[in-house]
């Protein structure tokens, strides 16, 4: 009777070990695939990531921020603040 019990427990143990090993391998494969995708996304330049947002920010900088900065510098130079 002990022999039968040992065979049953060994079969259950082997089955569960295979299932857990397969699940672990699947999890690690998914994590590796996600890391590869993230690495690809992080490696993109702003213009290739979303060109419309990059163009909007560039235009905003050229058409709004730079003229305001030029006015502040002109005022500072003319009033001798610096």
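Laid out as a table, the results:
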quantity	calculated
Label-point separation, residue 3 to residue 42 (7 Å along Cα→Cβ), nm	5.9 nm
Full-extension gain in nm, residue 15 to residue 29, via 0.36 nm per residue minus C-alpha separation	2.9 nm
The chain: angle of helix 2-42 to the longest principal axis, Cα-based, in degrees nearest 10	10 degrees
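Here, each number is a calculation from the coordinates, and none is a lab measurement. Everything numeric here is computed off the predicted structure, so don't read it as measured data. Positions of Cβ are generated from backbone atoms using ideal geometry, with glycine treated the same way; all protein chains shown enter the neighbour counts.
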